[in-house]
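Student: There's a structure below that I have some questions on.
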Amino acid sequence: MPSSPEESRAARRSALKLLGVSAAGATAGAFAVAAPAAASTANGYAEVDSFAGTTDDEKLAAAMAYAAAQTYAPTLVFGARAYTFAADYAFFPGMRWSGPLGGSETEFGESCLVKVTGAYLLRATAVRDVAIRGICFQGTGANDFQQQVTDFAAGPLTQDARYREIGFKSFRSVMHARHLRCSIERMYCNNGTGTQFKIGGSDSYYFLEGNSYLSSPSLPANAYYWYFTHMSESRFGELYITTETATGMRIDGSYGDLQLLGTKFDCTGRTGTDNCQGAQIIIAGGQGVHLDRCWFYGGMTNPAATGRTGVDNGLISITGGTEHLVTAPKFGFGPYGAPAGTKLVHASVAVEIAHPQAISFGGAAVTKAGAFQGASAHLTAAAPGWTVVA
């Protein structure tokens, strides 16, 4: 804590500035950096509900200002209840948010639910070293969890951020952001209304622990569940994407070593307009994107519905870039699979395909002839019965 009145006032002004609050508008008795009960900080955490304020926004603003002003920021712990926030907040270095200690959350919000009613909850500010876990965040369907970054070349950069055991539901978007050394693990995300994640950057790790799920009955056909604008040197693991209506992923660029490892694109139980209308994944550019052991079931129900002329050509549609590799892809055939004659991999640039596997449900016919199309598609190993057509 500051050792003099002058230092105290300086710390308070700094914290208010971080939160975007005018110091001139704060009264002499404001609670911006007032400490919570001593017992709350003894073990390195501060309970949001222990701060003064009559609304949830007032309590969180006070907690954020206090934590940002400390040399070693305490973890801000949300209680086992529902919160409602209309204001937005700025990240600060070392920011930690947690649900009830020892707990975790999903999309269901049965332990700790944070309702966001403003345009977004967190501002798109450059920051390093933040962590959020154990909270379910709920939007209105027309707002965002985090303010969207639109400049993916020079916009605010999020570094060393960790999100885990977390839920998101009913947001227009969760994150449109630039990431460096970031991670997301054990996430549930549902009922979004637009492209949920649009990410650029490098050196990041997503969903390598499995037990993560992304779905929505509300995305339009021209949206994406996940969109990499330009991602390099990163791993993307076993996220289960229920590709209802919209395409599971789009990749526009990479300097190399972007790997998708066991990612699932699945439309089980979806037919007609509920099934993925276009490609399950689109690779439109970049170098050396590697799809390894990924699962594809459904898709290409009505490619014209996406409005992307010449893009949705197969379940895996590769339209640009160089040196892409597809190893051990698994394609499901059955009542929720793609229409007969759908190309499983369509490439208009060079791509290598190794060890493809077809899995049939309920006696569905598996057609290997012509399943891969593109003059530059090349089967490299262990593909008996599969053919490539120009």
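The values are calculated or read from the model by the stated rules, or taken from the named source; none is laboratory data. Since the model is a prediction, treat every value here as computed from it, not as a measurement. Using ideal geometry, Cβ is built from the backbone for each residue, glycine included, and neighbour counts are taken over all protein chains shown. Areas reflect the complete protein model, heavy atoms only, side chains present, ligands, DNA and RNA absent. Shrake-Rupley method; radii C 1.70, N 1.55, O 1.52, S 1.80 Å.
Student: For region 322-345, indicate whether the set of residues that are open to solvent by less than 20 Å² (accessible area, probe 1.4 Å), in contact with a helix residue (DSSP H, G or I) (Cβ under 6 Å, 6 or more places away or on another chain) and assigned to a loop (DSSP other than H, G, I, E, B) is non-empty.
Tutor: no
Student: In region 132-163, how many residues are farther than 20 Å from Asp57 by Cα and either out of contact with any Ser or Thr (no Cβ under 8 Å at 6 or more places or on another chain) or outside any loop (DSSP other than H, G, I, E, B) (or both)?
Tutor: Result for region 132-163: 13.
Student: Would you mention how many residues in region 360-385 are part of a strand (DSSP E or B), of a type in the set (A, V, I, L, M, F, W, C), farther than 17 Å from Asp312 by Cβ and touching a Phe, Trp or Tyr at 6+ places or on another chain (Cβ under 7 Å)?
Tutor: The qualifying residues number 1.
Student: Can you find a residue that is in a strand (DSSP E or B), open to solvent by 10 Å² or more (accessible area, probe 1.4 Å) and more than 17 Å from Gly141 (Cα to Cα) anywhere in region 166-176? Talk me through it step by step, then tell me what you get.
Tutor: Here is the first cut: in region 166-176, the ones in a strand (DSSP E or B) are 166-169, 173, 175-176.
The next check asks that each one be open to solvent by 10 Å² or more (accessible area, probe 1.4 Å); those that pass are 169, 176.
Subset that is more than 17 Å from Gly141 (Cα to Cα): none.
Looking for residues that are in a strand (DSSP E or B), open to solvent by 10 Å² or more (accessible area, probe 1.4 Å) and more than 17 Å from Gly141 (Cα to Cα), one finds none in region 166-176, hence no.
Student: Can you find a residue that is assigned to a loop (DSSP other than H, G, I, E, B) and at negative phi anywhere in region 56-68? Spell out the reasoning first.
Tutor: Within region 56-68, the subset assigned to a loop (DSSP other than H, G, I, E, B) is none.
No, because not a single residue in region 56-68 is assigned to a loop (DSSP other than H, G, I, E, B) and at negative phi.
Student: Still on this structure, I have one more. Can you name the residue in region 218-240 that is open to solvent by less than 10 Å² (accessible area, probe 1.4 Å), touching a Phe, Trp or Tyr at 6+ places or on another chain (Cβ under 6 Å) and of a type in the set (Phe, Trp, Tyr) and, of all such residues, is nearest to Cys189 (Cα to Cα)?
Tutor: Trp226
Student: How many residues, within region 191-217, are within 14 Å of Met175 (Cα to Cα), in contact with a Gly (Cβ under 8 Å, 6 or more places away or on another chain) and open to solvent by 10 Å² or more (accessible area, probe 1.4 Å)?
Tutor: 1
Student: Based on this model, can you work out whether Tyr89 counts as surrounded by 14 or more Cβ atoms within 10 Å (Cβ to Cβ), at pLDDT 50 or above and among the hydroxyl-bearing types (Ser, Thr, Tyr)?
Tutor: Spelling it out, Tyr89 is indeed surrounded by 14 or more Cβ atoms within 10 Å (Cβ to Cβ), at pLDDT 50 or above and among the hydroxyl-bearing types (Ser, Thr, Tyr).
Student: Here is a check on your reading of the model: is Gly201 of a type outside the set (Asp, Glu), within 17 Å of Met231 (Cα to Cα) and part of a strand (DSSP E or B)? Break it down stepwise before answering.
Tutor: Numbers: of a type outside the set (Asp, Glu): yes; within 17 Å of Met231 (Cα to Cα): yes; part of a strand (DSSP E or B): yes.
It is true that Gly201 is of a type outside the set (Asp, Glu), within 17 Å of Met231 (Cα to Cα) and part of a strand (DSSP E or B).
Student: Can you work out which of the residues in region 294-345 that are among the hydroxyl-bearing types (Ser, Thr, Tyr) and in contact with a Ser or Thr (Cβ under 6 Å, 6 or more places away or on another chain) is nearest to Asp252 (Cα to Cα)? Let's see the steps before the verdict.
Tutor: We begin by selecting, within region 294-345, every residue among the hydroxyl-bearing types (Ser, Thr, Tyr); these are 297, 301, 306, 309, 317, 319, 322, 327, 336, 342.
Cutting the leftovers down to in contact with a Ser or Thr (Cβ under 6 Å, 6 or more places away or on another chain) gives us 319, 336.
Working: Thr319: 10, Tyr336: 28 Å.
Only one residue tops the list, namely Thr319.
Student: State whether the residues of region 249-257 include one that is surrounded by fewer than 22 Cβ atoms within 10 Å (Cβ to Cβ) and basic (Lys, Arg). Steps first, answer last, please.
Tutor: If we filter region 249-257 for residues that are surrounded by fewer than 22 Cβ atoms within 10 Å (Cβ to Cβ), which is where we start, we get 252-253, 255-257.
Still in the running and basic (Lys, Arg): none.
No, the conditions are met nowhere in region 249-257.
Residue-wise test of (1) part of a helix (DSSP H, G or I); (2) in contact with a strand residue (DSSP E or B) (Cβ under 7 Å, 6 or more places away or on another chain); (3) touching a residue at least 60 places away in the same chain (Cβ under 8 Å).
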{"position": "His230", "(1), (2), (3)": "no, yes, yes"}
{"position": "Arg270", "(1), (2), (3)": "no, no, yes"}
{"position": "Thr273", "(1), (2), (3)": "yes, no, no"}
{"position": "Thr309", "(1), (2), (3)": "no, no, no"}
{"position": "Ser317", "(1), (2), (3)": "no, yes, no"}
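Student: Hey, another quick one. Give all pairs with beta carbons closer than 6 Å in which a residue from region 283-300 that is surrounded by fewer than 17 Cβ atoms within 10 Å (Cβ to Cβ) meets a residue that is outside any loop (DSSP other than H, G, I, E, B) and β-branched (Val, Ile, Thr); count only pairs at least 6 apart in sequence or on separate chains.
Tutor: As it stands, the answer is Gln287/Thr322; Asp292/Thr327, since those pairs meet every condition given.
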